[in-house]
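Asks: Just passing along the structure, written as structure tokens.
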């Protein structure tokens with residue numbers, strides 16, 4: 001059990017239940033630990049589909065029913081809260097605008113920041129709850145001085161602290177992640193759900209982006225932003241192909257470029273830069289993806305902001321590895337340089353700084369500095 | 001626990017439960033010719049007679065259904081089809097806009113799929129259809145009206161409709177009028193024979209009978225086109241083997257609902273008045289929905305709007321203290337929508353989000369009202385802090 005669920009005083013806990021197995025087991029563990037738990041399913045789509053297509057999504061009526069069924073088995077009250085309008089404004093529109101600007105957003109992170117641990121948490125606190133519980137894999141640790149720290153999950157393979165890196169200390173003070181100290185496989189979580197009589201035990205994992213039910217992000221963006229044909233150029237500016245919308249690309253992307261003519265050296269080419277202004281996508285060899293430094297904006301800290309330069313490990317995308325960095329906050333912008341060049345750094349993604357397993361803070365990547373050319377892009 | 005949601009369903013009467021369980025061990029299809037079938041048929045027909053008496057109808061006017069929703073669908077769709085079959089010009093359906101979804105969605109469906117022109121009758125601020133409004137609507141072209149449907153009493157705000165006057169108007173033009181009396185039965189005099197209605201819906205579990213059983217009271221001259229085709233068990237307008245235990249139990253509950261109606265209106269009505277006073281004392285700016293005059297609303301209904309609150313928040317807070325009530329509005333995908341009843345009566349949409357319906361019943365006590373009186377003030381205060389999301 002995590003620290004929060006070990007405390008002797010029972011808390012009034014609002015468990016966000018997506019209809020999936022993780023959040024159901026999390027709610028069950030919180031209830032078993034003696035807390036007074038109420039389940040809530042967030043209706044995030046104004047026009048929910050009745051049924052899942054395949055394994056995706058968390059926005060269908062079927063998911064809502066799965067969550068309710070789990071709550072009934074756990075024996076806790078259950079409600080559906082309509083946060084569709086907030087979700088549309090803060091997550092979906094942000095997602096579209098970011099792609100339109102040539103960046104690569106992370107909507108899950110935005111949802112945690114603006115919906116689960118803002119809109120939902122605020123309402124929960126106002127209604128007298130002490131904490132919001134989710135099925136995320138991360139740990140909240142209470143220090144002797146009363147401050148809270150966010151740490152990676154015990155099981156690094158499952159760790160989701162990256163998408164929670166946006167939470168500040170006040171949000172953490174009311175967050176409960178009962179799965180965070182679990183060193184276990186998904187199969188064992190499913191076995192636990194089975195043991196607890198939760199029918200979601202066998203439910204397929206959700207993945208990708210919940211509000212794009214068919215998983216076709218390109219199609220979704222094309223519907224929202226329209227087709228806009230433009231050029232794909234190489235590093236010298238020579239046209240090597242065309243695209244149907246610069247917004248459909250991500251820095252470091254290799255697949256789906258559909259470039260007719262191969263590179264002179266025959267090596268694969270990757271997206272190096274996306275320029276929404278002239279609707280141009282620049283491609284080049286893998287080596288050109290190497291980034292030596294970046295700047296990031298809108299920093300958020302778990303605790304007090306560090307002063308002066310510091311050495312950290314950083315994670316640059318969900319499921320990404322760790323990399324050594326030096327970072328310093330200069331006039332509100334985080335300036336980061338890498339100990340060794342890294343590849344595939346996409347503006348719009350978050351950089352999350354760690355001290356060991358502890359999350360120090362996060363910021364949104366704004367610009368990158370190429371190792372080879374030392375040219376700032378983004 | 002304070003159960004204040006009897007309009008959703010009310011505890012089964014012990015007599016009804018006894019009648020139900022007494023029948024469960026007995027075999028017999030009421031359509032069979034042998035002794036077991038005859039026994040079952042006798043039980044069903046005695047029940048039909050009891051229900052007819054309770055509703056001042058003839059036994060042949062009682063068409064047993066699986067509940068209120070089916071009876072509403074049979075009345076609305078069936079009468080529309082049969083009237084249109086008799087004269088293709090009859091495609092206009094007149095409905096009150098405050099109907100239960102079982103009527104409202106059936107009417108809407110006729111408009112979408114069966115070529116009906118649906119016209120919603122105007123209502124006053126209490127959600128009441130006035131006879132003049134019905135007269136005006138029919139008189140515009142009496143020949144093209146298939147049917148009219150106006151509920152006897154509203155399930156959310158409790159407003160009682162002037163059913164007899166409405167039926168008189170409809171009768172002048174030979175237009176069949178249907179009334180959903182699911183909420184009215186047992187609370188106000190529901191006298192089918194004298195009402196002048198063509199059809200009327202009642203339901204078992206709202207009067208202390210079992211779930212899954214109801215009836216359409218249907219004038220003998222009407223033959224609605226069936227919704228369910230099959231063995232033709234019920235006057236050839238409704239098919240399906242009858243649920244003998246449920247029918248027997250429903251009849252017991254129906255008899256008691258009629259016998260105890262005056263007691264109910266007096267005693268439960270007084271308790272409801274106490275509840276309204278208590279809520280107003282605790283929350284002075286709470287707004288009573290529906291008709292404020294006791295004679296104009298169901299005796300067991302109290303409906304409030306709490307400015308600045310989300311009804312869902314109030315529900316959660318009261319539920320956590322063992323007080324069970326309803327926001328009174330329908331859910332779409334589990335998400336509470338502002339009530340169509342309130343919106344159509346001109347209520348501000350934000351105000352319409354902060355509603356609670358308290359409905360009493362035969363097991364309600366002073367203690368229930370006291371528990372609510374104690375809890376409602378702090379709950380409203382807290383829900384206001386949470387605001388409208």
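Asks: Is it the case that residue B:316 is within 10 Å of chain A (Cβ to nearest Cβ) and without any contact (Cβ under 8 Å) to a residue 60 or more places away in the chain?
Replies: On the way: within 10 Å of chain A (Cβ to nearest Cβ): yes; without any contact (Cβ under 8 Å) to a residue 60 or more places away in the chain: yes.
Answer is yes for this residue.
Asks: Tell me whether the range B:371-387 contains one or more residues that are crowded, with 21+ Cβ neighbours inside 10 Å and part of a loop (DSSP other than H, G, I, E, B). It would help to see each step written out before you state the result.
Replies: Step one: list which residues in the range B:371-387 are crowded, with 21+ Cβ neighbours inside 10 Å, which gives B:372, B:376, B:379-380, B:383, B:386.
Those still in the list that are part of a loop (DSSP other than H, G, I, E, B) too: none.
No, because not a single residue in the range B:371-387 is crowded, with 21+ Cβ neighbours inside 10 Å and part of a loop (DSSP other than H, G, I, E, B).
Asks: Against the condition within 14 Å of chain A (Cβ to nearest Cβ) and either modelled with pLDDT of 95 or more or more than 26 Å from residue A:15 (Cα to Cα) (or both), how does residue B:274 come out, does it pass? Walk me through it before giving the result.
Replies: Values: within 14 Å of chain A (Cβ to nearest Cβ): no; either modelled with pLDDT of 95 or more or more than 26 Å from residue A:15 (Cα to Cα) (or both): yes.
No: the conditions fail for residue B:274.
Asks: Moving on. Taking the range A:123-132, which residues are more than 8 Å from every other protein chain (Cβ to nearest Cβ) and without any contact (Cβ under 8 Å) to a residue 60 or more places away in the chain? Spell out how you get there, then give the answer.
Replies: Kept after step one, since they are more than 8 Å from every other protein chain (Cβ to nearest Cβ), are these residues of the range A:123-132: A:124-125, A:129-132.
Once the filter is applied, which keeps residues that are more than 8 Å from every other protein chain (Cβ to nearest Cβ) and without any contact (Cβ under 8 Å) to a residue 60 or more places away in the chain, the range A:123-132 yields only A:125.
Asks: A further question follows. Residues that are in contact with a strand residue (DSSP E or B) (Cβ under 8 Å, 6 or more places away or on another chain), in the same structural domain as residue B:53 (by TED's automatic domain parsing) and closer than 28 Å to residue B:272 by Cα: which strands (runs of 3 or more DSSP E) entirely in the range B:109-201 hold 1 or more of them? Lay out the reasoning, then the answer.
Replies: Details: elements: B:117-120, B:145-149, B:177-180.
It comes to B:177-180.
Asks: Could you tell me whether any residue of the range A:203-215 is surrounded by 19 or more Cβ atoms within 10 Å (Cβ to Cβ) and over 19 Å from the mean Cα position of the chain (by Cα)?
Replies: yes
Asks: Determine the pairs where a residue that is in the same structural domain as residue A:235 (by TED's automatic domain parsing) and without any contact (Cβ under 8 Å) to a residue 24 or more places away in the chain, located within the range A:245-262, has a partner that is in a loop (DSSP other than H, G, I, E, B) and surrounded by 10 or more Cβ atoms within 10 Å (Cβ to Cβ) with Cβ atoms under 7 Å apart, the partner being 6 or more residues away or on another chain.
Replies: Cβ pairs passing all conditions: A:254/A:268.
Asks: Please enumerate the residues belonging to the range B:202-220 that are over 15 Å from the mean Cα position of the chain (by Cα) and either within 22 Å of residue B:260 (Cα to Cα) or in a strand (DSSP E or B) (or both).
Replies: Kept after step one, since they are over 15 Å from the mean Cα position of the chain (by Cα), are these residues of the range B:202-220: B:210, B:218-220.
Answer for the range B:202-220, where residues must be over 15 Å from the mean Cα position of the chain (by Cα) and either within 22 Å of residue B:260 (Cα to Cα) or in a strand (DSSP E or B) (or both): B:210, B:218.
Asks: Of the residues in the range B:267-284, how many are farther than 16 Å from residue B:318 by Cα and assigned to a helix (DSSP H, G or I)?
Replies: Pass one, the range B:267-284, residues farther than 16 Å from residue B:318 by Cα: B:267-274, B:276-277, B:280-281, B:284.
Adding the requirement that they be assigned to a helix (DSSP H, G or I) leaves B:267-274, B:276-277, B:280-281.
Total satisfying the criteria: 12.
Asks: Conditions first: (1) in a loop (DSSP other than H, G, I, E, B); (2) touching a residue at least 40 places away in the same chain (Cβ under 8 Å); (3) touching a strand residue (DSSP E or B) at 6+ places or on another chain (Cβ under 8 Å). Residue B:247 passes all but one, so which condition is the exception?
Replies: (1)
Asks: Hey, can you tell me all the residues within the range A:72-115 that are within 14 Å of chain B (Cβ to nearest Cβ), in a helix (DSSP H, G or I), surrounded by fewer than 22 Cβ atoms within 10 Å (Cβ to Cβ) and in contact (Cβ under 8 Å) with a residue 24 or more places away in the chain?
Replies: Residues satisfying the conditions are A:84, A:85, A:86, A:88, A:90, A:114, A:115.
Asks: Go through A:45, A:64, A:50 for me and flag whichever is surrounded by fewer than 20 Cβ atoms within 10 Å (Cβ to Cβ), modelled with pLDDT under 90 and facing another protein chain (nearest Cβ under 9 Å). Break it down stepwise before answering.
Replies: Numbers: A:45 fails: surrounded by fewer than 20 Cβ atoms within 10 Å (Cβ to Cβ); A:64 fails: surrounded by fewer than 20 Cβ atoms within 10 Å (Cβ to Cβ).
Matching residue, one of A:45, A:64, A:50: A:50.
Asks: Let me ask something else about it. When you go through (1) modelled with pLDDT of 90 or more; (2) touching a strand residue (DSSP E or B) at 6+ places or on another chain (Cβ under 8 Å); (3) within 25 Å of residue A:352 (Cβ to Cβ) one by one for residue A:154, which number turns out not to apply?
Replies: It is condition (1) that residue A:154 fails.
Asks: When you scan the range B:319-351, how many residues do you find that are surrounded by fewer than 24 Cβ atoms within 10 Å (Cβ to Cβ), assigned to a helix (DSSP H, G or I) and more than 11 Å from chain A (Cβ to nearest Cβ)?
Replies: Residues meeting the conditions: 6.
Asks: Right, something else. For residue A:360, are the conditions met, namely being more than 22 Å from residue A:252 (Cβ to Cβ), surrounded by 17 or more Cβ atoms within 10 Å (Cβ to Cβ) and either modelled with pLDDT of 95 or more or in contact with a helix residue (DSSP H, G or I) (Cβ under 7 Å, 6 or more places away or on another chain) (or both)?
Replies: Numbers: more than 22 Å from residue A:252 (Cβ to Cβ): yes; surrounded by 17 or more Cβ atoms within 10 Å (Cβ to Cβ): yes; either modelled with pLDDT of 95 or more or in contact with a helix residue (DSSP H, G or I) (Cβ under 7 Å, 6 or more places away or on another chain) (or both): yes.
Against the criterion (more than 22 Å from residue A:252 (Cβ to Cβ), surrounded by 17 or more Cβ atoms within 10 Å (Cβ to Cβ) and either modelled with pLDDT of 95 or more or in contact with a helix residue (DSSP H, G or I) (Cβ under 7 Å, 6 or more places away or on another chain) (or both)), residue A:360 qualifies.
Asks: How many of the residues in the range A:21-42 are surrounded by fewer than 22 Cβ atoms within 10 Å (Cβ to Cβ) and either at the interface with another protein chain (Cβ under 10 Å from one of its Cβ atoms) or modelled with pLDDT under 95 (or both)?
Replies: Total meeting the criteria: 1.
Asks: Assess whether residue B:252 counts as being in the same structural domain as residue B:362 (by TED's automatic domain parsing), crowded, with 19+ Cβ neighbours inside 10 Å and not in a loop (DSSP other than H, G, I, E, B). Step through it out loud before you land on a result.
Replies: Details: in the same structural domain as residue B:362 (by TED's automatic domain parsing): no; crowded, with 19+ Cβ neighbours inside 10 Å: yes; not in a loop (DSSP other than H, G, I, E, B): yes.
For residue B:252, the condition - in the same structural domain as residue B:362 (by TED's automatic domain parsing), crowded, with 19+ Cβ neighbours inside 10 Å and not in a loop (DSSP other than H, G, I, E, B) - is not met.
Asks: Restricting attention to the range A:133-142, does a residue exist that is surrounded by fewer than 22 Cβ atoms within 10 Å (Cβ to Cβ) and away from every other protein chain (no Cβ under 14 Å)?
Replies: First, the residues of the range A:133-142 that are surrounded by fewer than 22 Cβ atoms within 10 Å (Cβ to Cβ): A:141-142.
Subset that is away from every other protein chain (no Cβ under 14 Å): A:141-142.
For the range A:133-142, residues surrounded by fewer than 22 Cβ atoms within 10 Å (Cβ to Cβ) and away from every other protein chain (no Cβ under 14 Å): present.
Asks: Could you tell me whether the range A:320-336 includes any residue that is touching a helix residue (DSSP H, G or I) at 6+ places or on another chain (Cβ under 9 Å) and surrounded by 15 or more Cβ atoms within 10 Å (Cβ to Cβ)? So that I can check it myself, show each step before the final result.
Replies: If we filter the range A:320-336 for residues that are touching a helix residue (DSSP H, G or I) at 6+ places or on another chain (Cβ under 9 Å), which is where we start, we get A:320.
Checking the rest, the ones that are also surrounded by 15 or more Cβ atoms within 10 Å (Cβ to Cβ) come to A:320.
Yes, the range A:320-336 contains a residue that is touching a helix residue (DSSP H, G or I) at 6+ places or on another chain (Cβ under 9 Å) and surrounded by 15 or more Cβ atoms within 10 Å (Cβ to Cβ).
Asks: Could I ask something else about it? Of the conditions (1) in contact with a strand residue (DSSP E or B) (Cβ under 6 Å, 6 or more places away or on another chain); (2) over 21 Å from residue B:155 (Cα atoms); (3) away from every other protein chain (no Cβ under 14 Å), residue B:372 clears all except one; give me its number.
Replies: Residue B:372 satisfies every listed condition except (2).
The values are calculated or read from the model by the stated rules, or taken from the named source; none is laboratory data. Computed from a prediction, not measured in an experiment: that's the story for all the values here. So basically every Cβ, Gly included, is an ideal-geometry build from the backbone, and we count neighbours across all protein chains shown.
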